[in-house]
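Notes follow the structure.
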Amino acid sequence: MEVATNWFAKVNVITNLFTKVDVKVIKESLSKECILVPNLHSNHNLSKIREILKEKMEMDDTLLFTQNKNNILAEISRKDEEILNLGDIISDDNVLYLKKNLEPDWKYLNEKYELDHGRIVTLDKFEVAKQKAFVMKDCVMRKFGANGYNIGRIEYKSSEERMIKTNLFLTAEADVQEFVKLGISFGRSESEKTKSETNSTCRYIEHNKISLEFSKYLVPTDKFKNEVINAINSEDAERFKKITENFGQFIPTEVYLGGKVCFEGSKNFEGNSKENVNKTAIGAGAGTSEIKVDSSSVYSKGNSNSFEHEFFKLLGGESNCVEKYEEFNKEVWAQSLNDFRCWDCIKYENRTSIFQLLPKNLRKDVYVSAGKKILHIKTDDFEMSDVIGKFELKNIPQNISQIFQNKEAECNIFATVIDIEQIKKTTFSWKILYPSKKNEHPRIIIHCVKGFQKRKYKLKVNWMIIGYDINFNFILSDFNLQLKVLKDYFEASSSTPIIDNKKILDFEHDSEILCFGIPALSEFNFSNRSLVIGHHFYKVQEKNKVGRYIFSYSLDDNNNVSNYVNLPTFTFYILIISNFPTSDAYGILPFKCNNKSEKLFKLKQHNTLKATESNSLKSKCMSLTPKYVSLFSTGENNCGPILLKQKSDGIKTKYINDKFCEKEICICRKNDHKCVFFDPNRGI
């Protein structure tokens, strides 16, 4: 008997798998209208039933299934839809009741506003990226209540600033610089009329209802990952730009939803005779669903002044709540925001590059493929009153400092120095001191090699940080520009002392490829305090390669160059540049020999790179902005202890003399040296 009962039970289970029912669907318990949906499987879970109903009727994630319990329709949570089947909740007469969800549903909001898509900013609107980069699996929802109500103002001084601030602020509430860090550019295009606008203020009211945070719940789509992998394998970094055009530049991983209204009074303008108008061009960035920038109407009042009508912008609330400022009723508008279906995205936080959310190995492949970039460049004034000056790099922007401290970025500092007053018979040499402790700043150690006097030297120091852009803010950069940094580590040896060193570098000689070097220390102490480390590069003729030559000299108590000394423990970094976007910002030029000698200071000045009308270095030399320069010779036999001195009208070589300097074989008598120069301030 028991065996028979079990057999019939199994038959019933199998039969139920194929049971189809015609279901009458009623929205809201008080409605008498129903929709007949035929052939639903009673054994399907409610998640499956929901997807079927979306295809057969007007159904979205704001409607909940209900279950009749003691004549009360109890709402079924979205999580329980995976557990319960249709047969568990329909009534005996096959009626399915749906109830309007009063609580905000993140899946509905994500689908409506495409929160898991990247964002792009155009001139007059914010756009959602065409293709989906991520799938949002879950999120953390935070409700604000009364604390979400805010009023404030946006101040601006021009119509250009007004467009940027009101356009970005309405949906992003971010400082313009925050967007610049993410690869957004703000340019200008001219139209027919220019006006200077007096200071003005735009007022706003916002109701923050909820925030959704989903940084941990975004999973890259296979299509997005495959596009990235193809770009990496192609070795064409320009393809990363195309990826952002399709998938967006970045995605905000926290979104505030609710409503915001922004408005202002009319303002006076002062027009000029040429009537040129500046418009702001936004190159890339973030946004929500299309939100156009309203153009304010302007009417003239005489030839010199005009007035602008009131600006009014609305996000969230009933779409027919208001059409213009005069009809705006903030109480009615605020009331409409009680329904989460009327919300809009009003604030974006944690704006993150779409590449940043890729798996770690793939993320690294992206920024390595894009190559190293000039992450930061700055020129500072520095006064030096001793033979040794320590210029501390304190004012590194926080975002750059974070990259610099991240080992994955492989950052290096390169620097160059020029004497503003151009004091004669004075030469400077410098090196980098990297901090050994986290709370210390890197320093540039500057030596006055010769001609030191008891006075203050006024110097200009240009320094730049080069490394991988691990924050992926390189989208607007020129991918044709190639920067590479080589590293040579030297360890001082007492058993086999080395006074100089030559090495063939692992790349072929090319006139379009430039090399610049700088020594770096991890410690600055008595053993290396008085050492000057010099270098230059040379062509290896038989192998068509480039070599580098390094030497070390010591300064005695009187700051005179005493002699060669053994190379200390240090690291030598070589910056290799090719395809810089501005052709006249770099190059190789020969020196002009003038055969002057300054034996008194044991320095021989034998060549000078003069600025002439035909010399592309002229305009740059005259500006007193430090350039990066290095010495290049045609062979390894032409290497020797030579330093370069940068002046406003040219660059001079300073030969460190020794007892053989008067001989015919001395390097100072050879004129095959060239100067390699680079001005990173031009063209970036």
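The values are calculated or read from the model by the stated rules, or taken from the named source; none is laboratory data. Just so it is clear, the structure is predicted and the values come from calculations on it, not from any experiment. Cβ placement follows ideal geometry from the backbone for every residue including glycine, while neighbour counts extend to all protein chains displayed.
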Filtered residues of the stretch 76-115 (kept if farther than 24 Å from Tyr217 by Cβ, among the charged types (D, E, K, R) and surrounded by fewer than 17 Cβ atoms within 10 Å (Cβ to Cβ)): Asp88, Asp92, Asp93, Lys100
Only one of these conditions is not met by Asn528: (1) out of contact with any Pro (no Cβ under 6 Å at 6 or more places or on another chain); (2) modelled with pLDDT of 75 or more; (3) in a loop (DSSP other than H, G, I, E, B). Which number is it? (1)
Enumerate the pairs (first residue in the stretch 234-257 and at positive phi; second residue anywhere and crowded, with 24+ Cβ neighbours inside 10 Å and part of a helix (DSSP H, G or I)) with beta-carbon separation below 9 Å, excluding pairs fewer than 6 apart on the same chain, so at least 6 apart or on different chains. Gly248/Ile354
Would you please list the contacts, defined by Cβ atoms under 7 Å and residues six or more apart or on different chains, that run from a residue in the stretch 33-61 that is closer than 15 Å to Leu84 by Cβ to a residue that is assigned to a strand (DSSP E or B) and among the charged types (D, E, K, R)? Leu40/Lys20; His41/Lys20
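Out of the helices (runs of 4 or more DSSP H) lying entirely within the stretch 326-444, which hold 2 or more residues that are touching a residue at least 24 places away in the same chain (Cβ under 8 Å), surrounded by fewer than 18 Cβ atoms within 10 Å (Cβ to Cβ) and under 28 Å from the mean Cα position of the chain (by Cα)?
On the way: elements: 330-336, 360-370, 398-405.
Because the criterion is at least 2 residues that are touching a residue at least 24 places away in the same chain (Cβ under 8 Å), surrounded by fewer than 18 Cβ atoms within 10 Å (Cβ to Cβ) and under 28 Å from the mean Cα position of the chain (by Cα), the helices (runs of 4 or more DSSP H) in the stretch 326-444 that meet it are 360-370, 398-405.
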So in the stretch 192-250, with the set limited to residues that are under 30 Å from Val261 (Cα atoms), at pLDDT 95 or above and among the aromatic types (Phe, Trp, Tyr), which one is surrounded by the fewest Cβ atoms within 10 Å (Cβ to Cβ)? Phe214
